[in-house]
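Take a look at the structure set out below.
The values are calculated or read from the model by the stated rules, or taken from the named source; none is laboratory data. For clarity, every value in this text was computed on a predicted model and none was experimentally measured. We place every Cβ from the backbone using ideal geometry, glycine too, and count neighbours over all the protein chains shown.
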Amino acid sequence: MTGAAAGPASGGIRFDQVSVAYGGNTVLDRLDLTVEPGEVMALLGPSGSGKTTALRAVAGFVRPASGRVHLGDRDVTALPPHQRGIGMVVQQYALFPHMRVRDNVAFGLKARKVHKAEITARVADALELVGMSAYATRYPRELSGGQQQRVAIARALAVRPGVLLLDEPLSALDAQLRSGMLAELARLHRELPDVSILYVTHDQVEALTLADRIAVMDRARLQDCGTPQELYRTPRTEFTASFVGNANLLPVTVRPGSVAFAGHDLKVATGEAATGATATLCVRPHLVGLGDGPNALTGTVAEVQWRGSTHRLYVDIDGHRVKADLRELRRPPALGDGVTLHFAPEDAVLLPTVGAPAQQLTGVVHG
């Protein structure tokens, strides 16, 4: 889906206190966010979090109730979509069924009144870039879902946009196709290093795989923003910890140099947290081991899930279910067995309890 414009958008994207409301209901609340030139920014969040609304505000399909949208050094808040110079790919492809592949890819160029000879060359370049040159004369109905998505991407790239918007482009594909398209999108980004990409998804794997940075959204607001490694290893909120990857979120009470959880004393750094404060300890399941070790936790096996290369254990510890993702076990414990789990102090992150000031607790836990 592309619009007609005199030239491509360039220089990244900037949301300046952007709010969008429908019928008095705020669906995007004072978003401040910058996508740098050439950066892939993923907007990650559950349905209704505001991520698609933010993308549509960039595209020009919704008008902010307040705030400004900038593409490079241009304020485009009041511009219609066809004057913004962007490329956009949506989850349902939106190909014209009566047009052949080459004509679908050429559509945006014709709307821009590009010279016929240049259209032919750009269409050929775009199809080659996505590996669809051999399918130029086919109709969309003659293509697989993954092939149709490649054509949609080629159409967006043919106009040579400085900004590419991707709205859950892989959600309609099966798992194998999605994995292949993730690799293709990563390759495209390497070959188009100057294009800024805003990628909307609810799939954490897509965000972690593709993005230079991830903006985590919930309930119309930006909750967190950082590199995939930062958000996964040192999340700043419980929501980020639970939405970006799996997490054990354990309610703890701060002690000097440790925390108390379900009768266990866990040696972790407490930063500036006050003794006696309540907090949440985040430990990723794949960092939890089985057997004796530092920060040992004893409990009863409540559930065992075989996942091919791994087993996931759910262990009841004083009414709390703790998850451990372990390399496939030859003899996994049975339900009701008593087991001991452990994790290293440096593999935990201390988070403030919801409602507590974010500055109360700091950083990654170091042993």
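Tabulated results
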read-out: Qualifying residue in the stretch 226-248 (condition: in a strand (DSSP E or B), farther than 20 Å from residue 343 by Cα and in contact with a helix residue (DSSP H, G or I) (Cβ under 9 Å, 6 or more places away or on another chain)); value: yes
read-out: Positions within the stretch 138-172 being small (Gly, Ala, Ser) and in contact with a Pro (Cβ under 6 Å, 6 or more places away or on another chain), in sequence order; value: 162
read-out: Of all residues making up the stretch 23-74, the number that are hydroxyl-bearing (Ser, Thr, Tyr) and either part of a strand (DSSP E or B) or in contact with a Pro (Cβ under 7 Å, 6 or more places away or on another chain) (or both); value: 3
read-out: Which numbered condition residue 299 misses (of (1) at pLDDT 95 or above; (2) closer than 18 Å to residue 344 by Cβ); value: (2)
read-out: Out of 75, 32, sole residue that is closer than 26 Å to residue 242 by Cα, in contact with a strand residue (DSSP E or B) (Cβ under 9 Å, 6 or more places away or on another chain), exposed (fewer than 15 other Cβ atoms within 10 Å of the Cβ) and not hydrophobic (A, V, I, L, M, F, W, C); value: 32
read-out: Residue count for the stretch 75-128, restricted to those that are part of a loop (DSSP other than H, G, I, E, B) and either farther than 20 Å from residue 62 by Cα or hydroxyl-bearing (Ser, Thr, Tyr) (or both); value: 12
read-out: Residues that are outside any strand (DSSP E or B), farther than 19 Å from residue 90 by Cα and charged (D, E, K, R), drawn from the stretch 188-222; value: 190, 191, 194, 212, 219
read-out: The stretch 129-142: number of residues that are farther than 22 Å from residue 186 by Cβ and outside any helix (DSSP H, G or I); value: 4
